[in-house]
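The values are calculated or read from the model by the stated rules, or taken from the named source; none is laboratory data. Predicted model, so just to flag it, every value in this text is computed and none were measured. Positions of Cβ are generated from backbone atoms using ideal geometry, with glycine treated the same way; all protein chains shown enter the neighbour counts.
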Amino acid sequence: MIEFHGAGRSLEVLRAEAHDELRTLIELRCRAGEDPWEVIPGLPTVDEQVVISVRADALGHAGAGAASGLALDDELEFLRSVALWHPELSRAVWSLMGRLEDVGGRF
């Protein structure tokens, strides 16, 4: 099981980085011909992207969609630890936990 020991960066910095990642993703997909009105609703919120990025950093890989090899209970425990470390991310954590449970343990 992985443990969250804090990201080493402030929540403001993490949110700014997540915002930049999402903005870049939107630009890339729109340049590839996708309609922004179809792209944007399917993307995570900034706070969800923060949680996804923190998870990726902790696992040492690319984040969303990447298999962690963890059991669902371990994934959920990790997400709970993120919410305890950054209570402001609790809503995003709960949202991602619900998605994980719906799809059987993968983002």
- request: Please determine, by comparing only the residues of segment 65-81 that are assigned to a loop (DSSP other than H, G, I, E, B) and surrounded by 15 or more Cβ atoms within 10 Å (Cβ to Cβ), which one is modelled with the lowest pLDDT.
  value: A66
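Determine, yes or no, whether L22 is assigned to a helix (DSSP H, G or I), within 26 Å of G98 (Cβ to Cβ) and either touching a Ser or Thr at 6+ places or on another chain (Cβ under 9 Å) or at pLDDT 95 or above (or both).
Working: assigned to a helix (DSSP H, G or I): yes; within 26 Å of G98 (Cβ to Cβ): yes; either touching a Ser or Thr at 6+ places or on another chain (Cβ under 9 Å) or at pLDDT 95 or above (or both): yes.
Yes: the conditions hold for L22.
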message: Suppose we keep only residues that are surrounded by fewer than 14 Cβ atoms within 10 Å (Cβ to Cβ) and modelled with pLDDT of 80 or more within segment 1-15. Which one would you say is farthest from P87 (Cα to Cα)?
response: V13
